[in-house]
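Below: one structure, written as structure tokens.
The values are calculated or read from the model by the stated rules, or taken from the named source; none is laboratory data. All of these numbers come straight from a predicted model, not from anything done at the bench. Cβ sites come from the backbone with ideal geometry, for glycine too, and all protein chains shown count toward neighbours.
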Amino acid sequence: MENFNLKHSKTTLVKMHNLVFLTQTDTTIGFVSQNAEKLTTIKQRPPHKHYIKAVNSLKTLQTFTRIPKVHKNRVRRSQKSTFIFPNTYSYRRIHNQNHLYLLDRLKWAYTTSANLSNHHYDAQFAKENANVIIEPLVQNNQASSIYKLGKRHIKRIR
């Protein structure tokens, strides 16, 4: 575990890409990283499952996928909502200021709950498996809403 200050030079930012952060996300306590393999190993999750990619802005989101024209306003205005795009990948635009502070430095990151796959949250497990802990950590069980976007239609998943 290392002490970490988000106000640092670009050389430290390169190092951030391989770290796993334990932080209060916009919905719950979770792991945030740009390294999907590390998250898969920690969570003991099947490697074929995709992670939600949290982005700091619509501009960043548009570097990964095209937002269907009919859904642009919905995606732009959404709060605590995850969208599965026609390319089968899921994205969530972050508005929460504390979570956004980290994402502004990373631009994007994979995000997942801080627990073993199909288990409940365990603070001991989460702290042991994170490289960096960003406090305060407040337990909140409200998961994001998930919508599957088609070229014209939308379907609520969760």
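In the set S57, S81, only one residue is over 19 Å from I157 (Cβ atoms), surrounded by 13 or more Cβ atoms within 10 Å (Cβ to Cβ) and either of a type in the set (D, E, K, R) or under 14 Å from the mean Cα position of the chain (by Cα) (or both); that residue is S57.
Remark: K15 matches the filter, which requires a residue to be over 21 Å from V138 (Cβ atoms), part of a helix (DSSP H, G or I) and either among the aromatic types (F, W, Y) or modelled with pLDDT under 95 (or both). Quick one: is A123 closer than 22 Å to F31 by Cα and either without any contact (Cβ under 8 Å) to a residue 40 or more places away in the chain or out of contact with any Phe, Trp or Tyr (no Cβ under 8 Å at 6 or more places or on another chain) (or both)? In short, yes. Selection within the stretch 125-153: residues that are assigned to a strand (DSSP E or B) and β-branched (V, I, T). The member of this set that is nearest to the chain's Cα centre (by Cα) is I146. Of all positions in the stretch 96-106, at least one carries a residue that is out of contact with any strand residue (DSSP E or B) (no Cβ under 7 Å at 6 or more places or on another chain), surrounded by 13 or more Cβ atoms within 10 Å (Cβ to Cβ) and among the hydroxyl-bearing types (S, T, Y). For the stretch 29-83, the set of residues classified as of a type in the set (G, A, S) and closer than 14 Å to I146 by Cβ consists of A54, S78, S81, listed by residue number. Scanning the stretch 144-157 for residues that are of a type in the set (G, A, S) and in contact with a strand residue (DSSP E or B) (Cβ under 8 Å, 6 or more places away or on another chain), we see that the one that is surrounded by the fewest Cβ atoms within 10 Å (Cβ to Cβ) is S145.
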